[in-house]
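The values are calculated or read from the model by the stated rules, or taken from the named source; none is laboratory data. Bear in mind that the values here come from a model prediction, so they are computed numbers and not experimental data. For neighbour counting, all protein chains shown are included, and Cβ atoms are generated from backbone atoms with ideal geometry for every residue, glycine included.
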Amino acid sequence: MSRYIPNTLRKMVAERANHCCEYCRAQATDSLFPFHIDHIVSIRHGGKTVVENLAYACQICNSNKGADIATYLDDLTIPVRFFNPRLDAWRDHFEADDSGELLSKTSIGAATIKILDLNHPESIIERRELIRFGLFS
């Protein structure tokens, strides 16, 4: 499967996500860096370059995720899959408190927060300001 993603497909994925990272909810218009098209299930794991397997992701989330699809939490014998924006509703797995920290509602949310480092101190500061100005969706 090719890693090339045609511009029409890129545009479709970005518009479907309302130009918002589907993992951390950052807006592309607020970023200094271009957003990426992420293979939710990486090509390495058999994922295909089709709209149903693509997500709009900020550079930080995409880099932290890499080809990973799961992690371990408390029990190192049970893998926990990551949030999949095609299967899961964001609000079912995450919520943001007023401090800007993302809180997990589920093990899927906890796994995603862990691997994507969604509560990095700089991310929390940025998210807190976006919340304060009503810009965090």
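Overview of results
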item: Qualifying residues in the stretch 1-55 (those that are of a type outside the set (S, T, N, Q) and touching a His at 6+ places or on another chain (Cβ under 7 Å)) - the one farthest from ARG86 (Cα to Cα); result: ALA28
item: Filtered residues of the stretch 62-73 (kept if of a type outside the set (A, V, I, L, M, F, W, C), part of a loop (DSSP other than H, G, I, E, B) and either over 12 Å from VAL41 (Cβ atoms) or touching a residue at least 60 places away in the same chain (Cβ under 8 Å) (or both)); result: GLY66
item: Residue check for LEU118: in contact (Cβ under 8 Å) with a residue 24 or more places away in the chain and of a type in the set (A, V, I, L, M, F, W, C); result: yes
item: Which listed residue, of GLY109, GLY100, is more than 21 Å from ILE5 (Cα to Cα), part of a loop (DSSP other than H, G, I, E, B) and without any contact (Cβ under 8 Å) to a residue 40 or more places away in the chain; result: GLY100
item: Whichever residue in the stretch 74-90 is of a type outside the set (A, V, I, L, M) and free of Cβ contacts under 8 Å to residues at least 12 places away in the same chain and, among such residues, is surrounded by the most Cβ atoms within 10 Å (Cβ to Cβ); result: PRO79
item: Residue, modelled with the highest pLDDT, within the stretch 27-68, restricted to residues that are acidic (Asp, Glu) and surrounded by fewer than 18 Cβ atoms within 10 Å (Cβ to Cβ); result: GLU52
item: Positions within the stretch 112-135 being of a type in the set (D, E, K, R), in a helix (DSSP H, G or I) and over 14 Å from ALA96 (Cβ atoms), in sequence order; result: LYS114, GLU122
